[in-house]
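The values are calculated or read from the model by the stated rules, or taken from the named source; none is laboratory data. Fair warning: this is a prediction, and the values are worked out from it, not measured in the lab. Cβ coordinates were reconstructed from backbone atoms using ideal geometry, including for glycine residues, and neighbour counts include every protein chain displayed. Each accessible area value is taken on the protein alone, full model and side chains, heavy atoms only, with ligands, DNA and RNA left out. Shrake-Rupley method; radii C 1.70, N 1.55, O 1.52, S 1.80 Å.
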Amino acid sequence: MAKAKVKRDFTLLRVSDKIEFGRDRVVDMTGNANFTTPNPTLATITTVTDDLETKHLAALGGGPAQTAARDAAELIWNDTMDKEAAYVEIT
């Protein structure tokens with residue numbers, strides 16, 4: 001049986017939607033017997049999502065430096081969630 005491909009279009013979401021998406025994935029995977037050892041860990045997903053939210057809120061009222069920090073946090077979030085999708089795909 002061929003394994004299903006995980007859609008990775010979450011990287012196209014708006015930042016506010018990425019924050020919600022990240023939090024939802026942690027809720028969905030916590031205690032889920034199908035995903036006993038997530039890689040990256042759920043703590044890592046929580047950390048990068050919290051960091052993205054903090055930097056996003058700062059960028060809303062900030063200048064170029066805050067926007068650059070948010071963009072960097074977004075790249076880290078995208079990479080982390082892409083790795084999580086790969087984990088789900090092979091599990």
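Using a 1.4 Å probe on the protein chains only, how many percent of the accessible area of segment 17-91 belongs to carbon and sulfur?
Carbon plus sulfur share of accessible area: 59 percent.
Given the options Thr67, Thr46, Phe35, identify the residue whose Cα lies farthest towards the positive end of the charge dipole of segment 1-85 (+1 on Cβ of Lys, Arg; -1 on Cβ of Asp, Glu).
Towards the positive end, the residue furthest out is Phe35.
Sum -39500 (n - 2.57) across every DSSP H segment of at least 4 residues in the chain, then divide by the residue count to get the 222 nm mean residue ellipticity, nearest 500.
The helix contribution divided over the chain gives -23500 deg cm²/dmol.
Normalised by the residues of the chain, what does the relative contact order come to in percent, with Cα pairs under 8 Å and at least six apart?
Answer for the chain is 39 percent.
If you plug each phi of segment 76-83 into the Karplus form 6.51 cos²θ - 1.76 cosθ + 1.60 with θ = phi - 60°, what whole-Hz ³J(HN,Hα) values come out, in order, with x for Gly and Pro?
5, 4, 4, 5, 4, 5, 5, 5
For the chain, which trypsin sites (Lys or Arg not before Pro) are in a loop by DSSP, counting at most 12 other Cβ atoms within 10 Å?
In loop regions of the chain (DSSP not H, G, I, E or B), the sparsely surrounded trypsin sites (Lys or Arg not before Pro) are Lys3, Lys5, Lys7, Arg14.
What distance in nm lies between label points placed 7 Å from Cα along the C-beta direction at Thr91 and Ala68?
3.7 nm
Applying the Karplus parametrisation 6.51 cos²θ - 1.76 cosθ + 1.60 with θ = phi - 60° to the phi angles of segment 43-54, what ³J(HN,Hα) value in whole Hz is obtained for each residue in order, glycine and proline being reported as x?
5, 5, 4, 4, 4, 5, 5, 4, 5, 4, 5, 4
Of the lysine pairs in the chain, how many meet both conditions: Cα atoms under 25 Å apart, and a spacing of 8 or more in sequence or different chains?
8
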